[in-house]
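Chemist: Before we start, here is the structure in question, set down as structure tokens.
Values quoted throughout were computed directly from the atomic coordinates according to the rules given, and no laboratory measurement underlies them. Since the model is a prediction, treat every value here as computed from it, not as a measurement. Here Cβ is always computed from backbone atoms with ideal geometry, including for glycine, and neighbour counts include all displayed protein chains.
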Amino acid sequence: MSIATPSEVTFDAFDPGMRADPYPAYRRVRDAAALLPYQFGDVPVTLVTRYEECAAVLTGSEWGHGYSAGISPFRDATAAIPGSFVRMDPPQHGRYRKLVSKAFTPRTIGDLTPLAGRVVDDLVSAALRRGGLDILADLAVPLAVAMIPVRLLGADPGLGADFRQWQLAIARGSDPDWLLGAAEVAARTAAAGACMTYFGELVARKRAEPTADLLSELIAAGVDGAGLTAPEIIGLSLLLLVAGMETSINLIGNGMLALLRNPDQWDLLRRRPELIAPALDEMLRYDAPTQFTIRVALADTELGGKQFRRGDGVVILTGSAGRDDRVFAEADTFDVTRYAGNQPARKHLGFSLGIHFCVGAPLARLEAETAIQALLERAPRLELATETVEYQPSLIHRGIVSLPVSL
């Protein structure tokens with residue numbers, strides 16, 4: 001079989017028609033070249049398609065976001081949000097990340113484990129009484145609401161539907177504007193405004209009456225001897241709400257879909273529950289919650305034999321890197337033992353790498369492990385109730401709208 005040259009390849013994984021399965025499109029460009037010129041809206045960039053080059057960019061100090069230096073060719077509304085360190089470069093990035101990371105230490109996650117267990121137990125018990133379960137609406141979403149806005153930020157538990165609506169609109173809005181319609185841009189603006197208004201009021205209340213949650217700690221904390229401003233705290237809250245909920249919800253949804261489409265792996269995990277941790281890594285590799293990210297050359301540099309000038313942009317196809325058979329044997333096969341044993345597979349990029357490794361990864365793992373273990377133990381004969389799976393419109397974030405199962 002002949003392999004197309006870069007000039008013969010058209011990348012179409014950003015096409016809405018590819019949303020259900022972008023992986024064949026990733027394979028075409030990956031086989032053609034590690035680095036592929038691409039017109040990202042009106043920005044000429046380079047697609048980074050293979051694992052080694054993706055990992056090199058994510059971990060290299062010569063790559064970053066470039067907004068503070070004024071050299072980024074990408075337009076990103078989230079980069080302008082005070083305190084939102086996802087698009088920051090050092091040293092600002094490290095200052096804010098250090099403040100937030102205290103919510104995800106082993107000790108804190110240990111303290112949150114009983115709460116996750118209680119929430120999941122109640123949700124699964126209710127599903128068993130009803131005789132039906134939607135993995136997203138009845139389990140992953142309410143669990144994420146309980147753990148992130150309610151527990152970590154001390155928000156009103158009665159606003160779960162609002163948090164989900166805001167989070168979805170902002171997550172879709174984090175796609176490049178050239179991939180969005182006017183209605184989606186308007187929904188992003190409205191959701192961001194509503195979210196920031198709510199958290200502004202919540203910050204004011206907690207400044208007057210602190211409670212035992214991360215938001216109160218952020219209000220009391222400081223950066224370089226100076227306290228955080230209200231806009232910075234609101235921006236951090238918005239980041240935790242959107243990124244935290246999106247990652248954990250989609251890890252559970254995508255992971256359960258992979259298990260149920262591979263019943264031999266579901267049965268293996270049921271017989272060997274000690275494989276749950278490596279199984280989560282395989283879920284993150286096989287069908288990652290985040291499919292691509294962007295970076296900018298902060299200095300003249302070289303990657304994969306190609307020279308980049310300061311300010312050049314790249315799009316890192318992390319979803320493609322996870323299926324790179326140059327690194328992962330039988331990469332299109334879902335195997336819950338891949339990360340088990342004395343010689344596990346290479347690190348996946350499902351939580352990124354380097355300084356922007358997902359700060360909330362421990363909590364996302366806790367939520368997914370608790371939810372999936374409960375289903376393995378209490379509903380071991382789960383089956384998909386439909387073969388048709390609808391995906392959320394977001395392209396950066398890969399997630400399922402609904403996943404009904406029969407108990």
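Chemist: Can you put GLU282, GLU377 in order, fewest other beta carbons within 10 Å first?
Modeler: GLU377, GLU282
Chemist: Follow-up. Would you please state the base-10 log of I(q)/I(0) at q = 0.12, 0.13, 0.20, 0.28 1/Å for the range 210-272, with intensities from the Debye formula using one equal scatterer on every alpha carbon?
Modeler: -0.53, -0.57, -0.80, -1.11
Chemist: Now, a different point. Using a simple spin-label model with points 7 Å from Cα along the Cα→Cβ vector, what separation in nm is obtained for THR386 and ARG75?
Modeler: It is 3.6 nm.
Chemist: At q = 0.07, 0.12, 0.14 Å⁻¹, what is the base-10 log of I(q)/I(0) for the range 6-406 according to the Debye formula with one equal point scatterer per Cα and no solvent? Please give it to two decimals.
Modeler: The Debye formula, applied to the Cα set alone, gives -0.31, -0.98, -1.35.
Chemist: Name the trypsin sites (Lys or Arg not before Pro) in the range 355-407 that are in a loop by DSSP and that have at most 15 other C-beta atoms within 10 Å, would you?
Modeler: Passing sites in the range 355-407 are ARG381.
Chemist: For the peptides 347-360, 35-48, what is the packing order when you average, over each peptide's residues, the other Cβ atoms within 10 Å and list the highest mean first?
Modeler: In decreasing order of mean packing, 347-360, 35-48 become 347-360, 35-48.
Chemist: Using 10 Å bins from zero, what percent of all Cα-Cα pairs in the range 313-407 falls into each bin?
Modeler: 12, 31, 43, 13, 1
Chemist: Can I ask one more? May I ask you to sort TYR391, TYR26 by Cβ crowding, counting other Cβ atoms within 10 Å and putting the fewest first?
Modeler: Final ranking by Cβ density, sparse to dense: TYR391, TYR26.
Chemist: Quick query: amide H of TRP63 versus all other amide H atoms, modeled in the peptide plane; which residues come in under 5 Å with a sequence gap of 5 or more or a different chain?
Modeler: Sorted by chain and number, the residues that satisfy this are LEU298.
Chemist: How high is the FRET efficiency from ALA208 to ASP156, r the C-beta distance, R0 25 Å, rounded to 0.05?
Modeler: The computed FRET efficiency comes out at 0.95.
Chemist: Just order 301-314, 140-153 by mean Cβ neighbour count inside 10 Å, highest at the front, would you?
Modeler: 140-153, 301-314
Chemist: Here's a follow-up. Test of understanding: express the Cα radius of gyration of the range 91-142 as a ratio to 2.2 N^0.38 Å, with N the residue count.
Modeler: With N residues counted in the range 91-142, Rg over 2.2 N^0.38 Å equals 1.66.
Chemist: How far apart, in nanometres, would the label points at ASP111 and ALA126 be if each is projected 7 angstrom from Cα along the Cα-to-Cβ direction?
Modeler: It works out to 2.6 nm between the two label points.
Chemist: If I model a spin label at ASP21 and THR333 as a point 7 Å from the Cα along the Cα→Cβ vector, what separation in nanometres do I get?
Modeler: Taking the simple label geometry, ASP21 and THR333 are separated by 1.8 nm.
Chemist: Let me have the 222 nm mean residue ellipticity of the chain computed from DSSP H runs of 4+ only, each contributing -39500 (n - 2.57), with the sum over all residues rounded to the nearest 500.
Modeler: Using -39500 (n - 2.57) per qualifying helix, the result is -14500 deg cm²/dmol.
Chemist: Looking at the chain, what % of its DSSP beta bridges pair antiparallel, to the nearest 5?
Modeler: For the chain, the DSSP antiparallel bridge percentage is about 90.
Chemist: I've got another one for you. Based on the alpha-carbon gyration tensor of the range 234-302, what equivalent-ellipsoid semi-axes (square roots of 5 times the eigenvalues) come out, in whole Å, largest first?
Modeler: 31, 18, 10
Chemist: Let me ask something else about it. May I ask you to list the residues of the range 150-173 whose amide nitrogen lies under 19 Å from a point 7 Å from Cα along the Cα→beta-carbon direction of THR197?
Modeler: 155-171
Chemist: Let me ask another. Fewest Cβ neighbours within 10 Å first, please rank SER402, SER320, SER394 accordingly.
Modeler: Listing SER402, SER320, SER394 from fewest to most nearby Cβ atoms yields SER402, SER394, SER320.
Chemist: I've got another one for you. Applying 1/(1 + (r/R0)^6) with R0 = 51 Å to the Cβ-Cβ distance of ARG310 and GLN373, what FRET efficiency is obtained, to the nearest 0.05?
Modeler: My answer for the efficiency is 0.60.
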